[in-house]
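Below: the structure, in structure tokens.
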Amino acid sequence: GKVCARRVAPVRYQSVECSAEAVRLEAEEIAASSGTRRARRVVKDNRVLDRLEAFVAERGEPPTGKADDGEAPPLGKGLYSLRRRSKKKVPGLTETQLSRLRKVDPHLDSRATSSNDKILDRTDEFFARKGRLPLYRDSDGCVPHLGRALKDLRFRARHRANVTDSQLERLQRHDPDVLHRRRLTNDDILDRVEAFVGRSGALPLRTDDDGGKPPLGNALYNLRKRALRGSLSPEQMERLRRLELFRRNRSLDDDAVLDRMEAFAAERGFLPTWKDEDGAAPPLGTAVRRLRDRIRKSSSYNQTLSDRLGRVDAAFDRYRVGNDRILDRVEAFVNEMRAPPKGTDGDGAKPFLGTALIRLRRRARMGQRVTDQQLERLRRLDPRVDKIPPTTDHRRSASLFEEPA
């Protein structure tokens, strides 16, 4: 990006060791390499350092957490932010700013090393109890969170930032590879996907895993998003295109779901609902619901599968079992309360009993998906079903919740 000298030059600095001209040149050098956002950050940090130096010159000690001199950000909060960012590389402080901060806070490095010792002590206690190192989600009830604190300590150890040799030696006793740890690259993910395709002959789904970290299905999903953003090299894009030829045929999975659905219906005598299972994965009710959603949302979906699903629904009367279950719940409610449920009444099950009865009334009035036996049973439980006027206006649907006149 271009250097905006008008934003940097007018700033006045009170430091003797670091003149305004030196800071301006430093900010322009950073802006030329990484954009003006980094230059603005340098200017803001130097303003906070100027205020800290004035405070120390007046009081003789660095400000506490609640100290405030009437400017923004509050002085104590600004010092806390600089201390935290002095331990990081990105976005960290420049060498000039770090030297100025050490003069303002002489115990800066000792404070960081003492916190490292506390983290290592807590890690030793956790290892003695559990026999393993804490994961990112693990905690020992103290602050900061142990898993996150250990992750930050590993990061500082790899970059040799505020970690002494003795602390590094203690950390390496638990984690010998701490200095050689690296992020999983795109090539690593592609290697794992190619190995999975070689074993199974198809690309992994989001639920598939090969035992590595992160899970293989999630890693491939993120890799595809990076490809859409143009973050992959031409060689990686070519490898990904070759792998996409092994994309799993969705119709084969749908055929398997329909086979399980037919076997379930032949054994039980009714179609599976969303909570029914047959011992396989994914759960049968969930798989059938997802298949119905795909067919409903896409008019160009596999017509053969759509026709097959329609034949199964017609053979086993999809809505008969659901209506019978609703009527059983309404009958139990009427026996207990001596009145049919209103729209706001429930019995602790799903779908909500009042809502389910409203939908059943609507189907009965329209003569859709309700048998004669079910209609007779509904009239016996709820004599009002023929008296409630039909409505198709969703804004007036609340009238169904009220008692008829």
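The values are calculated or read from the model by the stated rules, or taken from the named source; none is laboratory data. All of these numbers come straight from a predicted model, not from anything done at the bench. Cβ coordinates were reconstructed from backbone atoms using ideal geometry, including for glycine residues, and neighbour counts include every protein chain displayed. These accessible areas exclude ligands, DNA and RNA; they are computed on the full protein's heavy atoms, side chains included. Shrake-Rupley method; radii C 1.70, N 1.55, O 1.52, S 1.80 Å.
Just grab the label-to-label distance for residue 366 and residue 199, each label 7 Å out from Cα along the Cβ direction, in nm (one decimal).
Here the answer is 4.9 nm between the modelled labels.
Give, as a single signed number, the net charge of other residues whose beta carbon lies under 14 Å from the beta carbon of residue 139, with Lys and Arg counted +1 and Asp and Glu -1.
With Lys, Arg at +1 and Asp, Glu at -1, the net is +3.
Do the alpha carbons of any pairs in 66/130; 66/103; 44/103; 44/66; 66/118; 44/225 sit beyond 28 Å of each other, and which pairs?
66/130; 44/225
Run the Debye formula on the Cα coordinates of region 158-239, all scatterers equal and no solvent, and tell me log10 I(q)/I(0) at q = 0.17, 0.19, 0.26 1/Å.
For the requested q values the scattering log ratios are -0.76, -0.84, -1.23.
Tell me the accessible surface of residue 337 in square angstrom (1.4 angstrom probe, heavy atoms of protein chains only), to the nearest ten.
Number for this one is 110 Å².
Starting from the residue with the highest accessible area, list 151, 297 in decreasing order, probe 1.4 Å.
Ranking 151, 297 by accessible area, largest first, yields 297, 151.
For residue 61, what accessible surface area do you get with a 1.4 Å probe? Give it in Å², rounded to 10.
In the full protein context, residue 61 sits at about 110 Å².
Not counting ligands, DNA or RNA, and with a 1.4 Å probe, what is residue 231's accessible surface area in Å² rounded to the nearest 10?
For residue 231, solvent-accessible area is about 70 Å².
What number comes out for the charge environment of residue 237, summing +1 per Lys or Arg and -1 per Asp or Glu over other residues with Cβ under 15 Å away?
Net local charge, residue 237 excluded: +2.
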